[in-house]
1. Pull out the extension gain between I51 and A66, defined as 0.36 nm times the separation in residues minus the alpha carbon to alpha carbon distance; nm, one decimal.
2. Could you work out [θ]222 nm for the chain from helices alone, using -39500 (n - 2.57) per DSSP H run of at least four and dividing by all its residues? Round to the nearest 500 deg cm²/dmol.
3. Collect residues whose amide H, placed 1.01 Å from N in the peptide plane, falls under 5 Å from the amide H of F73; neighbours closer than 5 in sequence don't count.
4. So if I take the centroid of the Cα atoms in the stretch 50-70 and the same for the stretch 4-28, what is the distance between those two points in Å?
5. What's the extension gain from D40 to V15 if we count 0.36 nm per residue and subtract their Cα-Cα distance?
6. Regarding the chain, what whole-number volume in Å³ per residue does the convex hull of its Cα atoms give?
7. Once both axes come from the Cα atoms, what is the angle between helix 41-50 and the longest principal axis of the chain, in degrees from 0 to 90, rounded to 10?
Amino acid sequence: MIVNVKATNKNNGEVISYKLEGDSTAGFLCDGTHMQEVADNKVREVNNNLILQGSPLYTIKSGESAEIEAMTFDIEINAE
């Protein structure tokens, strides 16, 4: 499954967009790298919020969308 991620920084309005590929059982990759090992600090911070217990990342199905409000980012995810 492909999950489109769009995160808006609450402090400066910066928008980060990228895709995750995988599933809730095997985990997700961002450009071939495990989502927790991404070099970009901002993307990794968003990913850390996505992996928390109760995150819709683990229950979302193709065609669904979800929103997550984190401390620094407002995060939208859409599953393809």
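Every read-out reported here was derived from the displayed coordinates using simple, explicitly stated rules and does not represent laboratory data. What you are looking at is a predicted structure, and each value in this text was computed from that prediction instead of being measured.
1. On the way: separation 15, 0.36 × 15 = 5.40 nm, distance 1.38 nm.
Net length gain for the segment: 4.0 nm.
2. -3500 deg cm²/dmol
3. The answer is K10.
4. 10
5. On the way: separation 25, 0.36 × 25 = 9.00 nm, distance 1.40 nm.
Taking D40 through V15 to full extension adds about 7.6 nm, to one decimal.
6. With only Cα atoms used, the chain gives 81 Å³ per residue.
7. 60
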